[in-house]
1. Would you mind stating whether residue 320 is under 30 Å from residue 413 (Cβ atoms) and open to solvent by less than 10 Å² (accessible area, probe 1.4 Å)?
2. Any idea which of (1) within 23 Å of the chain's Cα centre (by Cα); (2) farther than 30 Å from residue 887 by Cβ; (3) assigned to a strand (DSSP E or B); (4) not hydroxyl-bearing (Ser, Thr, Tyr) is the one residue 56 doesn't satisfy?
3. How many residues are open to solvent by 20 Å² or more (accessible area, probe 1.4 Å) and either among the aliphatic types (A, V, I, L, M) or more than 20 Å from the chain's Cα centre (by Cα) (or both) if we restrict to region 470-483?
4. Any idea how many residues of region 178-190 are open to solvent by less than 10 Å² (accessible area, probe 1.4 Å) and out of contact with any Gly (no Cβ under 6 Å at 6 or more places or on another chain)?
5. Among the residues in region 765-786, are any out of contact with any helix residue (DSSP H, G or I) (no Cβ under 6 Å at 6 or more places or on another chain) and of a type in the set (Asp, Glu)?
6. Considering each residue of region 484-508, count those that are open to solvent by less than 20 Å² (accessible area, probe 1.4 Å), among the aliphatic types (A, V, I, L, M) and closer than 15 Å to residue 546 by Cβ, and give that number.
7. Residue by residue through region 529-546, note down the ones that are in contact (Cβ under 8 Å) with a residue 40 or more places away in the chain and open to solvent by 70 Å² or more (accessible area, probe 1.4 Å).
Amino acid sequence: MWLFFVCLLGFLVQAGTMRRFLRPGHDPVRERLKRELFQFNKTVEHGFPHQPSALGYSPFLHLMAIGTRSGAIKLYSFEQFQQDFSGSIRLVTLLDDNSLHLWSLKQHSGACELREDHRFTLKGPPGDMSYTRNKPFFLFCRIPEDYCNRRSCELVEALQEHPKNPDQILIGYSRGLIVLWDWQNNKVTHHFLGSQQLENLYWQRDGSKFISCHYDGSYTQWPVSSDNRQPLPLENLVPYGPFPCKAISKIYWQTTRNGLPYIIFQGGMPRASYGDRHSISVIHGSQQTAFDFTSRVIDFFIIFSSEPTAEFDDPSAMVVLAEEELIVIDLKSAGWPAVHPPYLASLHCSAITCSHHVSNVPLKLWERIVSAGSSRMFTTQIWYGRFKVLQVMKLFFSSYRHEDGTVRFWDASGVCLHLLYKLSTVRVFLTDADPNDNMNTVGEDEWPPLRKVGTFDPYSDDPRLGIQKIYLCKYSGYLAVAGTAGQVLVMELNDEDAEHVVDHVEADLLQDQEGYRWKGHEKLKTRDGPVQFEAGFQPLVLVQCQPPAVVTSLALHSEWKLVAFGTSHGFGLFDHQQKRLVFVKCTLHPSDQLALEGPLSRVKSLKKSLRQSFRRIRRSRVSSRKRRGGGGNTSETHEANGKFDQDILQEMELAPVQRKIEARSAEDSFTGFVRTLYFADTFLRDSSRHCPSLWAGTNGGTVFAFCLHVPPAERRMDEPVRAEQAKEIQLMHRAPVVSILVLDGHNIPLPEPLEVAHDLSKSPDMQGSHQLLVVSEEQFKVFTLPKVSSKLKLKLTALEGCRVRKVMVANFGSCKTDDYSENDLAVLTNLGDVQIISLPFLKLQIRYPCIRKEDVSGIASCVFTKYGQGFYLISPSEFERFSLSTKWLVEPRCVVDVPEVSSNNHMHSRSIMENPHESFHCLCCHRVAKRQNCIIPYQPLDKTHAPDPERQYACASAEHQHACARTIKSMRMSECMNYNTHAPAPE
């Protein structure tokens with residue numbers, strides 16, 4: 001019997017030893033669940049196309065096409081009704097290599113896409129559209145001999161089809177000759193002798209006249225008679241003469257019912273004084289305005305009545321594609337104001353410095369922000385002519401911070417970003433620019449009558465105004481913004497205009513330590529006395545860090561009324577209710593002098609970093625020599641080698657493939673750089689009592705933990721907030737700390753401040769032990785609290801060879817059932833890969849290639865959302881949106897239908913509400929809903945929140961829960977913004 005037990009024990013020991021070499025097996029249940037939870041999709045590009053090069057518009061189809069230098073073609077619709085037209089939609093593009101490409105819109109997988117049908121290369125020089133095979137020699141038979149000898153035709157500059165007779169085409173040559181060619185009879189019917197170099201042509205609507213524009217800044221009106229008499233110009237005018245003017249490159253002649261036409265042209269400004277302006281002039285009777293754009297004008301078009309039976313053009317708007325933005329001018333309203341287009345938002349009107357995303361915005365806060373923004377923007381809620389900008393679903397928004405000290409709030413609920421509100425922090429400080437200046441004012445006696453339009457402004461009055469960090473509490477309306485010069489502003493949302501003094505508090509992060517001297521920029525000077533603020537977010541207090549270095553981390557806890565901030569010198573805690581500084585902590589290493597040079601002084605940084613690199617190489621060589629060299633006893637050497645092999649074997653058993661990671665030196669630069677700040681109510685001193693705490697992680701791998709004593713609400717203004725350092729953790733390899741997170745007893749991340757108070761989250765479990773997750777650039781490590789003993793870790797750099805750049809907790813729901821969801825870590829590495837890591841066991845679930853590893857700015861700009869989506873910059877003006885979830889997906893699925901040919905063979909429009917059995921696609925939430933005979937709208941489960949695509953909604957009737965269909969047709973936003981295609985959500 002004893003022998004049997006001994007053998008059994010030996011077998012178990014051997015089995016346990018072998019188990020250490022086994023890899024994690026294939027779990028089919030978990031693999032199926034992963035397919036239901038995770039899926040990577042790049043969905044839509046937000047913003048303005050980078051480097052646009054061409055513009056096309058069809059007034060009959062109401063479609064606009066934009067081409068870019070990178071070869072992209074983007075189509076946008078101007079119509080809210082389903083389009084019925086005969087034939088197919090085709091698009092012709094001309095490339096830089098002088099090749100023509102014919103495209104057609106075709107349906108594929110429930111959506112429309114452009115497909116190339118034909119291509120061919122033009123002969124002759126690039127841009128020569130002269131139809132050389134049809135250029136007849138008898139063109140010149142009726143032209144005066146002195147004109148032919150003096151001028152040659154040269155290139156064809158313009159081709160314009162007759163508006164009433166498609167068999168006639170107007171051909172304009174660069175030297176000024178214009179001929180009217182009859183395709184039916186293959187002959188010239190009229191020729192027009194211009195005296196200036198031709199730029200462009202445009203027909204009047206009835207075809208009885210046309211207008212030509214020229215290189216000298218003039219335009220000429222020509223009649224087209226039915227007889228054979230030589231046409232003479234009706235009018236020749238230089239609108240900004242008599243001084244030499246720039247060329248008028250494009251012109252429109254629009255008729256109206258009141259008899260006064262609109263003359264709209266690009267260029268023509270006086271060359272000496274205004275030759276560098278990018279302008280388009282509009283003349284209507286005695287009213288004349290030259291719209292001055294801040295970037296180069298690529299092209300423009302006029303929206304007018306496209307009905308074939310209409311007698312007049314009656315222009316309603318002018319759409320201008322500039323190099324950096326799309327501008328729309330309302331020609332129907334008095335003063336010709338600018339209006340907001342429903343898409344192509346200029347996100348980069350000032351350089352984007354950072355981004356922030358907020359999900360599940362409460363309806364009350366949303367309405368207050370929209371109300372504050374609607375009173376100060378351009379003409380809103382009105383789109384050109386008979387088209388309206390419809391209200392979109394209030395789901396969630398992103399805020400982008402800019403170099404000029406502004407914060408812009410955008411509705412990010414659909415494929416198009418809509419500007420909600422613009423906040424400027426300039427009023428608090430003294431700058432060279434007056435915030436009351438209005439660039440759009442035009443003097444009565446000013447000539448030319450220039451007026452600035454557009455929002456793009458690449459120049460910053462002061463780079464210290466740049467916003468670097470932001471934190472918004474969506475429940476209390478508190479907003480904290482931090483800037484380049486160490487300024488931290490705490491703001492509160494106010495529905496009324498107010499005038500008050502902004503309190504100012506300084507925080508000395510160096511704590512009067514000797515031997516340190518700041519070599520960077522100075523702090524911003526604040527305004528003395530009361531400052532007038534408009535409705536919206538208004539500053540309560542200004543905290544100025546000393547030295548005025550860039551604020552690198554920011555955290556706000558609106559329930560405790562505390563804000564934490566960090567720079568490259570340390571971090572501090574501020575009580576914005578008592579307007580009192582609680583404490584400051586200096587994290588600067590004695591040898592780190594680079595942190596005192598500021599962002600504008602980097603001459604010595606390169607020298608020191610190179611010096612440190614060579615020191616590391618020298619140390620590694622010396623240590624390797626010591627390991628290889630050395631006499632000594634042979635037996636001792638064999639014994640040491642045997643022990644070394646045994647250690648290596650143990651490492652291989654635990655982690656088969658690991659890279660050796662060299663620890664950073666404490667003398668490396670910017671070790672005191674504060675990377676992250678985190679508030680948590682957890683067990684820090686003992687396991688019996690939890691308390692408020694503040695956690696800070698630095699670039700040198702150090703984690704500081706402070707216990708906070710926050711007085712109760714009834715004594716909050718009488719007693720001060722006290723803080724005491726309780727813990728200090730030093731990571732072994734001194735890798736920079738990227739994020740800090742506390743998990744409750746159920747391994748769930750702690751809820752946001754005030755989230756439990758608003759009954760939007762369950763109370764955290766305070767019975768079981770909490771865990772601390774510290775994410776560094778190299779590894780994920782879990783500690784137990786309050787003892788702070790290591791429990792679990794994932795060596796990302798050692799295993800994968802990459803470093804963590806961004807990390808956030810995201811909630812992933814199953815696409816098959818609403819009963820299951822889990823919290824995981826969404827991680828972006830320096831290689832551009834996105835990884836999903838499980839909590840709390842830190843198991844790699846899946847990896848997706850997302851961003852090119854060479855795209856450093858794209859990786860640095862990436863922002864994750866709470867429900868597994870993300871944004872990153874693909875150009876200075878565009879954000880790429882991606883999704884890691886199978887459940888939450890926002891993507892454009894657009895369809896342009898081609899129905900049967902109508903009897904009159906003309907395009908006509910009809911409302912999509914005529915057929916109740918059709919399937920529609922929501923242009924707002926981009927979900928699909930199949931319309932039945934009776935439609936019951938979906939309602940949000942939580943009435944206190946606006947609809948959100950990252951939350952589920954319940955249908956009012958169970959029999960209509962099957963209303964999901966992947967067949968799509970166009971639908972007006974107003975008709976579908978209350979519908980959702982998903983099943984009801986769990987309670």
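The values are calculated or read from the model by the stated rules, or taken from the named source; none is laboratory data. For clarity, every value in this text was computed on a predicted model and none was experimentally measured. Backbone-built Cβ (ideal geometry, glycine too); neighbour counts: all protein chains shown. Accessible surface is based on the protein model in full, side chains and every heavy atom, while ligands, DNA and RNA are left aside. Shrake-Rupley method; radii C 1.70, N 1.55, O 1.52, S 1.80 Å.
1. yes
2. Result: residue 56 passes all but (1).
3. Within region 470-483, residues that are open to solvent by 20 Å² or more (accessible area, probe 1.4 Å) and either among the aliphatic types (A, V, I, L, M) or more than 20 Å from the chain's Cα centre (by Cα) (or both) number 3.
4. 2
5. Yes, region 765-786 contains a residue that is out of contact with any helix residue (DSSP H, G or I) (no Cβ under 6 Å at 6 or more places or on another chain) and of a type in the set (Asp, Glu).
6. Here the count works out to 3.
7. Those that are in contact (Cβ under 8 Å) with a residue 40 or more places away in the chain and open to solvent by 70 Å² or more (accessible area, probe 1.4 Å): 532, 534.
Okay, residues lined up against (1) outside any loop (DSSP other than H, G, I, E, B); (2) modelled with pLDDT under 95; (3) not charged (D, E, K, R):
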position: 205; (1), (2), (3): no, yes, no
position: 211; (1), (2), (3): yes, no, yes
position: 227; (1), (2), (3): no, yes, no
position: 231; (1), (2), (3): no, yes, yes
position: 236; (1), (2), (3): yes, yes, yes
position: 240; (1), (2), (3): no, yes, yes
position: 243; (1), (2), (3): no, yes, yes
